[in-house]
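Notes follow the structure.
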Amino acid sequence: MLTPEDTLRLNVLIATCVAIRVDVYKLVVVGLTPDQKEQTITLNPTADSGKTIQAAQKLLVSKVLGSMGGYPSYLKRWSRMGQVGSTNLKSLLKIGNIEAVVAVANSQNLDDEVLDLVWWCATNTDQQAEIGRFLLTRDFVVKHTVGKQIADYLLEFLPFTDDTTQLIDTANLLLQGDLISQQARDRLWKQGQRKTAFLVGFIERMAGNLPNNNNTIALDTNSKELDYVNSEQGQIMLQTIAHILKKINQEHVLYRTLEVLGSCLSHPMIQPLADIQHCQHQAQTVAKQLGLEDEKIKARLLLASASEQLAVSTISAHSLAGSAIRKKLANVLTPIQDALKLLTTP
């Protein structure tokens, strides 16, 4: 239940603010006025604090959206599907519900006018990093001043992120444009030598523009098939992938690395296959058809067939994790690593 005083103050907040967020831990409701000033209300629970928060959010929803049942269930289903219409985006940012903020952040109708309010509503919530990642998938956000604010937050939040997919995605997103400084990029690359999820973000986002910190040089080539492989950036890419595979202990790092490998070495006569022996046979066959029996050509063609298909069924069937991935998939990883070593040797 809400006290009469809290009810009155919440009604004033609704009338005077363009966005509202609720801190469920501190029992605080904060409103943002049109001139970017914050107004804070500390709720006075008469009983259970959780019920007080629910009552406050119910009041916000009923006054702003005219719905007595709380946050509309159809919007919760659509939150991450980008199907929230443009007519009620601003209203959703006044009901103090984080799912509504997620819905707006992921809406296809998000624009500059609403972006500032979305990020303000996300601040100090459990979903702030998730919302930040949603927002940085939009080109206009990357170019907006808010984009750099989001990037700064995600960069600071990285040490507290345990989920590997989120680490990869965050690194990938941070490397867009000039969201972060060159010093921050260098630091992220250096950290990636130990935490390889960051390197996956680099090879996904920056193929052709990877850092050259080891004075890597292009190799001589007398075959068009090896032009990319022997280029400076090709060598850095393959060396980086070799480093990632050497330390593999997480399935999503492996899946996404194999996808990058197959993509950057793609060949019109090579198809991704689910069996490494079939990949090897395909490479041999295509090399013969091309009249190119050089071992480096065969290695390059083998790597062109790489994809997550080579690993996903084995990992799923055996519920593999950690070093067990390397052991169980040695028959897959060894030929790939041997091919990478051959292609990066002068």
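The values are calculated or read from the model by the stated rules, or taken from the named source; none is laboratory data. For clarity, every value in this text was computed on a predicted model and none was experimentally measured. All Cβ positions, even for glycine, are placed from backbone atoms using ideal geometry, and neighbour counts span all protein chains on display. Each accessible area value is taken on the protein alone, full model and side chains, heavy atoms only, with ligands, DNA and RNA left out. Shrake-Rupley method; radii C 1.70, N 1.55, O 1.52, S 1.80 Å.
In table form, for the structure just shown:
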read-out: Positions within region 284-301 being among the hydrophobic types (A, V, I, L, M, F, W, C) and part of a helix (DSSP H, G or I), in sequence order; value: Val286, Ala287, Leu290, Ile297, Ala299, Leu301
read-out: Residue within region 185-193 that is open to solvent by less than 10 Å² (accessible area, probe 1.4 Å), over 12 Å from the mean Cα position of the chain (by Cα), not hydroxyl-bearing (Ser, Thr, Tyr) and not assigned by the TED database to the domain that holds Leu265 present; value: yes
read-out: Verdict on Asn172 being outside the structural domain of Thr334 (by the TED database), surrounded by 14 or more Cβ atoms within 10 Å (Cβ to Cβ), polar (S, T, N, Q) and touching an Asp or Glu at 6+ places or on another chain (Cβ under 8 Å); value: yes
read-out: Residues of region 311-331 satisfying the condition of being closer than 20 Å to Gln271 by Cα and open to solvent by less than 10 Å² (accessible area, probe 1.4 Å); value: Ala311
read-out: Leading residue by the ranking (nearest to Lys247 (Cα to Cα)) among those in region 315-331 that are touching a helix residue (DSSP H, G or I) at 6+ places or on another chain (Cβ under 9 Å) and assigned to a helix (DSSP H, G or I); value: Arg326
read-out: Members of region 263-303 that are open to solvent by less than 10 Å² (accessible area, probe 1.4 Å) and either under 25 Å from the mean Cα position of the chain (by Cα) or not assigned by the TED database to the domain that holds Ile336 (or both); value: Leu265
read-out: Scope region 123-137; condition free of Cβ contacts under 8 Å to residues at least 60 places away in the same chain, more than 12 Å from the chain's Cα centre (by Cα) and open to solvent by less than 80 Å² (accessible area, probe 1.4 Å); matching residues; value: Gln127, Gln128
read-out: Output for region 152-191, where each listed residue is in contact (Cβ under 8 Å) with a residue 24 or more places away in the chain, over 15 Å from Arg205 (Cα atoms) and among the small types (Gly, Ala, Ser); value: Ala184
read-out: Where Tyr71 falls short, out of the listed (1) crowded, with 17+ Cβ neighbours inside 10 Å; (2) at pLDDT 90 or above; (3) in a loop (DSSP other than H, G, I, E, B); (4) not aliphatic (A, V, I, L, M); value: (2)
read-out: Residues satisfying the stated conditions in region 1-38, i.e. open to solvent by less than 100 Å² (accessible area, probe 1.4 Å) and in a helix (DSSP H, G or I); value: Asp6, Thr7, Arg9, Leu10, Asn11, Val12, Leu13, Ile14, Ala15, Thr16
read-out: Qualifying residue in region 57-65 (condition: assigned to a strand (DSSP E or B), surrounded by fewer than 17 Cβ atoms within 10 Å (Cβ to Cβ) and modelled with pLDDT of 90 or more); value: no
read-out: Checklist (1) in contact (Cβ under 8 Å) with a residue 12 or more places away in the chain; (2) within 17 Å of the chain's Cα centre (by Cα); (3) surrounded by fewer than 20 Cβ atoms within 10 Å (Cβ to Cβ) applied to Asn213, failing item; value: (2)
read-out: Listing of helices (runs of 4 or more DSSP H) fully contained in region 168-283 that carry 1 or more residues being of a type in the set (S, T, N, Q); value: 182-192, 227-230, 232-246, 251-264
read-out: Residue within region 113-127 that is more than 26 Å from Gly50 (Cα to Cα) and of a type in the set (A, V, I, L, M) present; value: yes
